[in-house]
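> Here you go, one structure.
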Amino acid sequence: MKIPERKANERLVEYAERLSALYSDALRPKDVKPKGQFFTPKQVSIFMAELFDINQDKITLLDPGAGTGVLSAAFCEKLLSRKKPVSLVIDTFENDPEIIPFLKRVLQECKKDLEEKDSKVGFNVLTKDFILTNEPYLSGPGLFERGEKFYDFVISNPPYYKVGTESPYSRMMAEFICGQPNIYAFFMTMAASMLADKGEMVFITPRSFCSGLYYKNFRKWFLRKVRITRIHIFESRKDIFDKDGVLQENVIIKASKNGKEGIVTITTSRDKDLNELGRIEVDYSDIISPKNSERFIRIPTSEFDVKILHIIDKWPCTLEKLGMEISTGPVVDFRAKEHLRQELMKESVPLLWMHNMQNMRVVWPSKKNKKPAAIASTEKTSPLLLPVKNYVLLKRFTSKEQRRRLDSAVLKQSEFPYGSVGIENHVNYIHKPNGSLSVNEAFGIAALLNTGLIDNYFRSLNGHTQVNATEIRNVPLPDLSVIKKIGEVVSKAKDLPANLDEIIGSELGIDAEIIKHLEERYNGKNR
Ligand SMILES: C[S@@+](CC[C@H](N)C(=O)[O-])C[C@H]1O[C@@H](n2cnc3c(N)ncnc32)[C@H](O)[C@@H]1O
């Protein structure tokens, strides 16, 4: 394919973006997914390059998974705008041989523009696998002595697709992963290993690494290796890579090697036009709470969110400290198909689904989409069944339309006259492994989980609509005596009280202004 020339007055990023589009249309459609090729729009590329603090005049830049080089082009534009000649070396890694001629053309144009302004530019296009080629960087001390090259700046929009545990990447990165992570985290790992002292990396990625379970070891390692200094979050899941139809909540993060745990600026925009909706400055400990063993990376997006984090972070307990545990409903419908019953009949017990949770109570039977209302109670199903006790149920999934991500109800033993019960897999349940929850404990926990207060906290932690048990295990909770008091008030109400935040706010002495704001946000008509 003949690569079109750059037009007169066409900016470097515009040229790269045009080539990305051309390449996508002409060569790519069949296999978008396996390569994870989603190209960065020029506005986003410029935004990312703008985040670097460039003070030196000898610069090494790494662009892993370079595509047509739009991010390198944005970096070069930033250098051009500084109007100070530099000596620049760009190393790009790109393992798709078909895109390499496009990448080379863009880099030649970058070189030409910068050299016209008295800079010196060299570039290396490495048609290699970025992860496998750079394995020596993971082997710890001695790298420098072995003459490995380190980079002042890394800019990347890495590929993203799930990596199986048997892939050579996973075997190589075994210490950083658990479960089935995504290739983008391997790119971040490698990039952080290749940073020079005080070097900076800017990545655009899905938000999942911030709280996902598979990324726990990665987070621990990454946060030891580099400091996050800047976060930008896109509110909309669409739009950023709209040509490619990617539905992801994306973040841009900047991290520095040997940087200080100082102030982190967080900005928000709706879409790729990057019109700023919000900007806040927070302490490092606000995003990475020292209390949190999972090393979740929290992203509050307003001063209000930060206030809520501060309130809840002070609460002294967790489920574990309270002697409670959260588990996932053991009945997976398609696996237990032969045991499911449309209605309760002989030798069967009720089966609870998300739709049985209504206004903080369990309503059973309550039919939806012909879902079976019962499960056989036999020797075979006994591992799937639970003795009826007081439980807190928590939905594992909520729809985007729902105001709250957390939706909890109480299964009250005294109102549920059965010996055992099945809990379907989309529902988590909170229980006491060595006993049973009292009515007040159950209502206290459910009420807390249903507040705007905890919902708001949770949203800083988690960008998706799924609620993982691990995340709930890490949510701080008040003392048991306070929980019981809340439970006492709430259990008497017939329905989910509309003023839960008020009830909890007064028990916990929370500023009335904050409660008012929450009530407006969660109960107001405009949301
Ligand atoms: C998400 S695209 C981004 C491209 C470009 N950086 C941009 O921002 O438009 C990721 C690129 O990484 C390349 N890639 C995927 N796996 C790779 C690997 N293991 N090593 C090097 N490049 C890889 C893909 O071919 C793709 O061009």
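> Where only protein heavy atoms count, and the probe is 1.4 Å, what is the accessible area per residue for region 399-527 in Å²? Don't skip to the end; give the middle numbers.
On the way: 5470 Å² over 129 residues.
Heavy-atom accessible area per residue stands at 42 Å².
> Taking the dipole about the Cα centre of the chain, with the C-beta of Lys and Arg at +1 and of Asp and Glu at -1, give me whichever of 327, 342, 189 is farthest to the positive side.
342
> Magnitude of the Cβ-charge dipole of the chain, K/R +1 and D/E -1, about the Cα centre, nearest 20 debye?
With Lys and Arg at +1 and Asp and Glu at -1, about 760 debye.
> Tell me the accessible surface of residue 354 in square angstrom (1.4 angstrom probe, heavy atoms of protein chains only), to the nearest ten.
That residue has around 50 Å² of solvent-accessible surface.
> Which cysteines does the chain leave without a neighbouring Cys Cβ under 4.7 Å?
If one checks each Cβ against the other cysteines of the chain, 178, 210, 317 turn up with nothing under 4.7 Å.
> For region 32-228, just the Cα atoms, rotate onto the principal axes and tell me the three extents in Å, largest first.
The Cα atoms of region 32-228 stretch 50, 38, 29 Å along the principal axes, largest first.
> Here's a follow-up. Jot down the radius of gyration and Dmax of region 368-440, Cα atoms only, both in angstrom.
13.7, 41
> Treating only the Cβ of Lys, Arg, Asp and Glu as charged (+1, +1, -1, -1), what charge dipole size does region 178-314 show about its Cα centre? Round to the nearest 20 debye.
Numbers: 23 positive and 18 negative charges, 121 e Å.
Magnitude of the dipole: close to 580 debye.
> Just tell me which aspartates and glutamates come within less than 14 Å, Cα to Cα, of residue 314; anything on the same chain fewer than 8 places away is out.
286, 479
> Expressed in nm to one decimal, what extension gain is obtained for the pair residue 149 and residue 366 from 0.36 nm per residue of sequence separation less their Cα-Cα distance?
Values: separation 217, 0.36 × 217 = 78.12 nm, distance 6.39 nm.
Full extension of this stretch gives 71.7 nm more.
> Tell me, what % of the accessible area of the chain is carbon and sulfur with a 1.4 angstrom probe?
Details: 11270 of 23200 Å².
That fraction is 49 percent.
> Report the extension gain between residue 479 and residue 335 in nm, rounded to one decimal, defined as 0.36 nm multiplied by the number of residues separating them, less their alpha carbon distance. Don't jump to the answer; show the numbers that get you there.
Values: separation 144, 0.36 × 144 = 51.84 nm, distance 3.93 nm.
Gain on stretching residue 479 to residue 335: 47.9 nm.
> Please express the Cα-Cα pair-distance distribution P(r) of region 325-523 as a list of whole percents, one per 5 Å bin, running from 0 to the bin with the greatest distance.
In whole percents, the pair-distance histogram is 1, 8, 16, 20, 20, 15, 10, 6, 3, 1, 0.
> Calculate, in nm to one decimal, what residue 416 and residue 261 gain on full extension: separation in residues at 0.36 nm each, minus their alpha carbon distance. Can you show the working numbers first?
Details: separation 155, 0.36 × 155 = 55.80 nm, distance 5.18 nm.
Length difference between fully extended and current span is 50.6 nm.
> Same structure again: Going down the table (291/492; 78/128; 2/83; 346/432; 162/321), which pairs top 31 Å between alpha carbons? Each step should come with its number before you reach the end.
Numbers: 291/492 35 Å; 78/128 27 Å; 2/83 33 Å; 346/432 29 Å; 162/321 35 Å.
In this structure, 291/492; 2/83; 162/321 lie more than 31 Å apart at Cα.
> Which of rounded, prolate, oblate describes region 1-114, given a ≥ b ≥ c as roots of the alpha-carbon gyration tensor eigenvalues and a/c under 1.5 marking rounded, otherwise prolate only if a/b is larger than b/c?
Values: a/c = 1.95, a/b = 1.63, b/c = 1.20.
Judged from the Cα gyration tensor, region 1-114 comes out prolate (a/c at least 1.5, a/b above b/c).
> For region 326-377, restrict the atom set to alpha-carbon positions and state the Rg and Dmax in Å.
Calculated on Cα positions, Rg and Dmax stand at 11.0, 31 Å.
> Scattering from the C-alpha atoms of the chain alone, worked out with Debye: what is log10 I(q)/I(0) at q = 0.10, 0.11, 0.13 1/Å?
Calculated log10 I(q)/I(0) at the listed q: -0.87, -0.99, -1.22.
> Put a dot 7 Å past each Cα toward the Cβ at residue 494 and residue 104; how far apart are the dots in nm?
A separation of 7.8 nm, rounded to one decimal place.
> In addition: What distance in nm separates the simple spin-label points at residue 344 and residue 291, each placed 7 Å from Cα in the Cβ direction?
Each label point lies 7 Å from its Cα, and together they span 4.1 nm.
> At q = 0.14, 0.24 Å⁻¹, what is the log10 ratio I(q)/I(0) for region 178-232, with the Debye formula run over Cα points and no solvent?
Results for region 178-232 at q = 0.14, 0.24 Å⁻¹ read -0.35, -1.04.
> Which loop GluC sites (Glu not before Pro) in region 364-459, with loop taken from DSSP, have no more than 10 other Cβ atoms within 10 angstrom of their Cβ? Spell out each step's value before the answer.
On the way: sites: 379, 401, 415, 424, 441; in loops: 379, 401.
When the GluC sites (Glu not before Pro) of region 364-459 are filtered for loop state and at most 10 Cβ neighbours within 10 Å, 379, 401 remain.
The values are calculated or read from the model by the stated rules, or taken from the named source; none is laboratory data. Please read all numbers here as calculations on a predicted model, not as lab measurements. As a convention, Cβ positions derive from the backbone with ideal geometry for all residues, glycine included, and neighbour counts pool all protein chains shown. The protein model used for the area step is the full one, side chains on, heavy atoms only, and it has no ligands, DNA or RNA in it. Shrake-Rupley method; radii C 1.70, N 1.55, O 1.52, S 1.80 Å.
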